[in-house]
Amino acid sequence: MTWTLPSSSERWTESSDHRRSLFGMRNLCHRLEHGLDPQAVLAASQRLTADKREWPYLTAPKSYAITVVDVMKASTVQEHVALVRQWAEATWEAWSDEHATVRGWADEALRAAGRA
């Protein structure tokens, strides 16, 4: 599963990048807060991902505590796995101003998948 995250505090105007950002945040919420495995994240996300509604823009954080550059420094598989987890947690925390909105979408996706 790929999670695409914006790298600046600017709002995205290109709809496909915007949607990837929204769905990436929702997937982080499913994984980190609900403990869903990757297959369950996919199942919970499929209906909302296909939804053609107008999705609001999220304002990206100004900075991140950990980035992919930090993950690339891993020298072992175990270190890589640990850094990816830290990166996911730090990214989710950096988006804390948007948590209420993203949690709402995550809960909606879980209900649509019959998991709530």
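Laboratory data are not the source of any read-out in this text; all were calculated from the coordinates shown. Please read these numbers as outputs of a predicted model, since none were measured by experiment. We place every Cβ from the backbone using ideal geometry, glycine too, and count neighbours over all the protein chains shown.
Placing a pseudo-label 7 Å from each Cα along the Cα-to-Cβ vector at E89 and R103 gives an inter-label distance of 1.9 nm.
Each residue in R26, R115 was given a count of other beta-carbon atoms within 10 angstrom of its own, and listing them fewest first yields R115, R26. The GluC sites (Glu not before Pro) of segment 43-116 that meet both conditions, a loop assignment by DSSP and at most 14 other Cβ atoms within 10 Å of the site Cβ, are E54. The modelled label-to-label distance between V77 and Y57, using points 7 Å beyond Cα along the C-beta direction, is 4.3 nm. Between segment 85-116 and segment 50-64, the C-alpha centres lie 12 angstrom from each other.
When you filter the trypsin sites (Lys or Arg not before Pro) in segment 57-88 for DSSP loop state and at most 13 other Cβ atoms inside 10 Å of their Cβ, you are left with K62, K73.
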